[in-house]
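S.K.: Next up is a structure, given as structure tokens.
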Amino acid sequence: MYKTKVIAGVDIGTSKVTALLGEVVEGRKLNVIGLGQSSSRGMLKGEIVDFHQASDCVHATLLTAENQAGVKIDGVYLSQTGGHIEGFASEASVNVTSDDGRVRQEDIEQASALAQGRELPENRTTIHHLRRPYRLDGRMIESPVGLEGDRLDISYWTIHGDSRKISDAIHIINGFNLHVDDIVLAGLATSAAVADRDQKAHGALIIDIGRGTTDYALFLEGRCMKAGCLPIGGDHISNDLSIGLRMRLKQAESLKLRYGSAVVEHKDRTEKVWLNNDFEIGDRPIPIWSIEKIIEMRVSEIFEVVRKKLGVLYMPEKIASGVILAGGTSELRNIVKCAENVFGIPAHLGDNSSMASGELKESQYSAALGLLHFGLQYQNEQSYAKHRQSGIFNRLKTLFKV
Amino acid sequence: MEAQEFDEEESRSAIRIKVVGVGGAGSNIVDRLALSGSEGVELVAVNTDQQALAGSPVIHKLCIGKSITGGLGTGGDAEAGCEAAMQDLEAIDEVVAGVDLLFLTAGLGGGTGTGAAPVIAERAMRQGAVVFAFVALPFSIERSARANTAQEGLRQLRDTCNAVVPLPNDLLIQESDADASLLDAFSKADAWIEKAIKSIWLMLNKTGLINLDFAQLRQTFSKKAGKTLFGIGRGEGENAAAAAVADLKLCPLLHTPEFSKLADQLLVNIIGGPGIGIADTRMIMETMAEEFGAESDLVMGAVIDETLGDSVEICVLGTSEVSSIAVSRVVKKRPLVAKPKPEESGDVSEATGVPKARPVTHQRPKKVEQHEFAFSDDEPKGEFENSIAVMFEGQDLDSPTYLRRGVKIVL
């Protein structure tokens, strides 16, 4: 009954393209058998701006992964991010009509059909309908079937994106003679890898700050309440530095890596560091306060915008697991402190240790690993329609051997 | 040192320069100029608010649209500002009549400045004046409606002026001290405009190492303004020239990504004390040519101002077309005045005397995007200049946070 199947996750980010191939073992476990990664080109703020360049590096990445695994794949799970991603809450409620006053499966189906019925404007494609916890007479319920009650409320966070931009990414994969099995919001994929089931059950806010975008997902009671994408990332920090301190982007980038801090540490405005540190013409001293101030302003703004976007759903007392940071920009010094300052709850850097071991634990593989997780889940849903055991997540073990 | 003999049509002494301040913010700048004493420049304050005009030290005042506003101002309505100007076209024509070079100053986002300035510019252009507009843009904290009004006003001005220099208040605050008051910040904005006007005025009126005449200026800015680049740098002491170049490079108004610094037409003016040497001038000009694109139509001037002592000021003003605008235009080829050879130093003014090539009309080759001069409308966005803006609560998140929040960065 369990035949070996290979699934692939491709994460096209603004800084890197990552492809992971996983072999499904016994239907519910996954061994990573191929890894490919290359620097992105033709991407800006999470979106494809140069099709050919982006295509070339995705293809190179896929080829590496396939060669390493020694298998040919036919489909991939693809991450999606960018400023075109939007979301809204769709809600519906039904009265429990059965004679004994207990919720039946039909009630749930009726309510979810109602909630998901909202039509999207032209050129928009739904990416996910994320179901929030059920509410039975106002109480949050994990699974209401069989319970007594009068009114069942169901709510979805619907994520949709620009059809053309989603197609762009699909065309790249199709150009390699592969099809796209499904699309997963990048922030959700990352969340699957960096936060385990317990953390989500206690409430967690996952923020993945990459080079071009910041993807966030808020989990309460184990379910995703809201997820979205802000097309602001590490590139903006470099750009701010380049404008504020009048230098080329490359120099700003290097300055950010060398002296960057998301919290101002040097209060003395006269303390300076050298721009290029090569004593050549054009080198000049830069106040380290300015570097840190510019970065602090930008990074805390990113967090503030995320906080505002969450609106009333941001309830610090319900987010016991705190803020979990991921993505390339999370390597910035003091970013945890900065997040704590803005959100007022504990923050920490996430890794994939709940899912993977060795090299794959690093945050840069989070999204691709999460894609494999979703892939596995989707496949299982297909083979056993009723099988919705979320426990898969905990048992998912990935092994990577070079 | 006399360049007049090569002048085709203009006599320098006859150049009439006027500075017209429109609206409250515009008038303030003119007031400042009046107080600091600018000989040879006529100042005019135009407003719809009679009371504000009454308090102005400027001699020549014009209150427009009395029948519409009752002399009480427009209340921030740009349409009313425009109508007010239309009502008093004759009076405006009178103000701009016979003016060769008109500097228009206004604050965009309000009623009079936004509405009336384009009308005045248009009347002046029609009468043959070269019109340079210096306009202040609202702070990003004042966003939404005011910003939209300002953008609309800017667009109209670009259609009616030879050059438009937008001065975003957010950028100007970078020039003041961290704990400066809003008033100080505004007076900084005024000072920028004052410097620019003085620089150009000096260029036209003082005897130069390298003379620039009005005809050349007119030629350089003969087209309607696309986007305008403007910057000032100042240096003092032994290496004044080098310091001025360094200062200019740090000028916040110029700080756009490398590719967008290239201008189609560029005017560089150097004003130095008696100590400025030909080697300095040459160094500055070569740097400028390199910095702003040697392909551009380059006009350079260098003048001596005895009062400057050992300091040097550089002022650059350039325009380039917005890529979407017209294709056919007059392009003038001119031997570079930029590189006076040291051996010519005995009589440098000859440089200006090189017979000018006649203008030729030809189809302008389609420009590569890289050369498009994309100085931002309000705030610089660097490498995100051409990407879709990320708007949140009325702010463009692509532009630096510190700029939008008015945090002064120490350099």
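S.K.: Which condition breaks for A:N276 when tested against (1) more than 14 Å from every other protein chain (Cβ to nearest Cβ); (2) at pLDDT 90 or above?
M.R.: (2)
S.K.: Can you tell me how many residues within segment B:77-98 are in a loop (DSSP other than H, G, I, E, B) and surrounded by 22 or more Cβ atoms within 10 Å (Cβ to Cβ)?
M.R.: 1
S.K.: If you scan segment A:300-318, which residues turn out to be within 18 Å of the chain's Cα centre (by Cα) and of a type in the set (V, I, T)?
M.R.: A:I302, A:V305, A:V306
S.K.: Next question. Of everything in segment A:305-339, what is of a type in the set (A, V, I, L, M) and part of a helix (DSSP H, G or I)? Give them in sequence order.
M.R.: Residues satisfying the conditions are A:V305, A:V306, A:L310, A:V312, A:L313, A:I335, A:V336, A:A339.
S.K.: On to the next question. Of the residues A:I302, A:I286, A:I281, only one is within 14 Å of chain B (Cβ to nearest Cβ), β-branched (V, I, T) and part of a helix (DSSP H, G or I); which?
M.R.: Exactly one residue qualifies, and that residue is A:I302.
S.K.: Search segment B:81-106 for residues that are without any contact (Cβ under 8 Å) to a residue 24 or more places away in the chain and pair each with any residue that is of a type in the set (A, V, I, L, M) when their beta-carbon atoms are under 7 Å apart and the residues are at least 6 apart or on different chains.
M.R.: If the second residue must be of a type in the set (A, V, I, L, M), the pairs left are B:Q87/B:I64; B:Q87/B:I68.
S.K.: Given the conditions (1) closer than 23 Å to B:L204 by Cβ; (2) at pLDDT below 85, and given that B:A25 satisfies all but one, which numbered condition is not satisfied?
M.R.: (1)
S.K.: Can I ask one more? Can we say B:P252 is under 15 Å from the mean Cα position of the chain (by Cα), within 14 Å of another protein chain (Cβ to nearest Cβ) and at pLDDT below 75?
M.R.: yes
S.K.: Can you tell me which residue among A:V323, A:V336 is crowded, with 21+ Cβ neighbours inside 10 Å, away from every other protein chain (no Cβ under 14 Å) and modelled with pLDDT of 95 or more?
M.R.: When all the criteria are applied, what remains is A:V323.
S.K.: Out of all the residues in segment B:101-124, which are under 26 Å from B:N205 (Cα atoms) and not in a helix (DSSP H, G or I)?
M.R.: Scanning segment B:101-124 gives B:L101, B:L102, B:F103, B:L104, B:T105, B:A106.
S.K.: A follow-up question, please. Looking at (1) surrounded by 18 or more Cβ atoms within 10 Å (Cβ to Cβ); (2) touching a Gly at 6+ places or on another chain (Cβ under 7 Å); (3) under 30 Å from A:L178 (Cβ atoms), which one does A:Q68 not meet, given that it meets all the others?
M.R.: The number of the failed condition is (1).
S.K.: Kindly list, by first and then second residue, each pair from a residue in segment B:52-65 that is among the basic types (K, R) to a residue that is outside any strand (DSSP E or B) and open to solvent by less than 50 Å² (accessible area, probe 1.4 Å), limited to pairs with Cβ atoms under 7 Å and residues at least 6 apart or on different chains.
M.R.: Once the first residue is among the basic types (K, R) and sits in segment B:52-65, its partners that are outside any strand (DSSP E or B) and open to solvent by less than 50 Å² (accessible area, probe 1.4 Å) give B:K61/B:L53.
S.K.: Can I ask one more? Give segment A:1-55 a look and list any residue that's open to solvent by 60 Å² or more (accessible area, probe 1.4 Å) and outside any strand (DSSP E or B), or say none.
M.R.: Of everything in segment A:1-55, those that are open to solvent by 60 Å² or more (accessible area, probe 1.4 Å) and outside any strand (DSSP E or B) turn out to be A:M1, A:Y2, A:K3, A:T4, A:E26, A:R28, A:R41, A:V49, A:F51, A:H52, A:Q53.
S.K.: Also, quick follow-up: Just one of the numbered conditions (1) in a helix (DSSP H, G or I); (2) within 12 Å of chain B (Cβ to nearest Cβ); (3) surrounded by fewer than 22 Cβ atoms within 10 Å (Cβ to Cβ); (4) of a type in the set (A, V, I, L, M) is not true of A:L257; which one?
M.R.: Only one criterion in (1) in a helix (DSSP H, G or I); (2) within 12 Å of chain B (Cβ to nearest Cβ); (3) surrounded by fewer than 22 Cβ atoms within 10 Å (Cβ to Cβ); (4) of a type in the set (A, V, I, L, M) is unmet by A:L257, namely (2).
S.K.: Take A:L114 and decide whether it is open to solvent by 20 Å² or more (accessible area, probe 1.4 Å), within 24 Å of A:D182 (Cα to Cα) and assigned to a helix (DSSP H, G or I).
M.R.: Judged against the criteria, A:L114 is a match.
S.K.: Give segment B:63-76 a look and list any residue that's crowded, with 20+ Cβ neighbours inside 10 Å and in a strand (DSSP E or B), or say none.
M.R.: B:C63
S.K.: Scanning for something of a type outside the set (D, E, K, R), away from every other protein chain (no Cβ under 14 Å), open to solvent by 20 Å² or more (accessible area, probe 1.4 Å) and over 20 Å from the mean Cα position of the chain (by Cα), does segment A:76-90 turn up at least one residue?
M.R.: So far as segment A:76-90 goes, no, none of its residues is of a type outside the set (D, E, K, R), away from every other protein chain (no Cβ under 14 Å), open to solvent by 20 Å² or more (accessible area, probe 1.4 Å) and over 20 Å from the mean Cα position of the chain (by Cα).
S.K.: Which residue pairs have Cβ atoms under 9 Å apart, sit 6 or more places apart or on different chains, and have a first residue in segment A:107-121 that is on the phi > 0 side of the Ramachandran plot and a second that is open to solvent by less than 70 Å² (accessible area, probe 1.4 Å)?
M.R.: From segment A:107-121, no pairs qualify.
S.K.: Would you mention how many residues in segment A:198-223 are surrounded by fewer than 24 Cβ atoms within 10 Å (Cβ to Cβ), part of a strand (DSSP E or B) and not aliphatic (A, V, I, L, M)?
M.R.: The qualifying residues number 1.
S.K.: Just need a number here: residues in segment B:382-411 that are at pLDDT 80 or above, open to solvent by less than 30 Å² (accessible area, probe 1.4 Å), outside any loop (DSSP other than H, G, I, E, B) and within 8 Å of chain A (Cβ to nearest Cβ).
M.R.: Going through segment B:382-411 one residue at a time, the tally reaches 4.
S.K.: Being within 11 Å of chain B (Cβ to nearest Cβ) and more than 27 Å from A:I206 (Cα to Cα) is the filter here, so list the residues in segment A:224-254 that pass it.
M.R.: A:S242, A:I243, A:G244, A:L245, A:R246, A:M247, A:R248, A:L249, A:K250, A:A252, listed by residue number.
The values are calculated or read from the model by the stated rules, or taken from the named source; none is laboratory data. None of these values were measured; they are calculated from a predicted model. For neighbour counting, all protein chains shown are included, and Cβ atoms are generated from backbone atoms with ideal geometry for every residue, glycine included. What goes into the accessible areas is simple: the full protein's heavy atoms, side chains included, and nothing from ligands, DNA or RNA. Shrake-Rupley method; radii C 1.70, N 1.55, O 1.52, S 1.80 Å.
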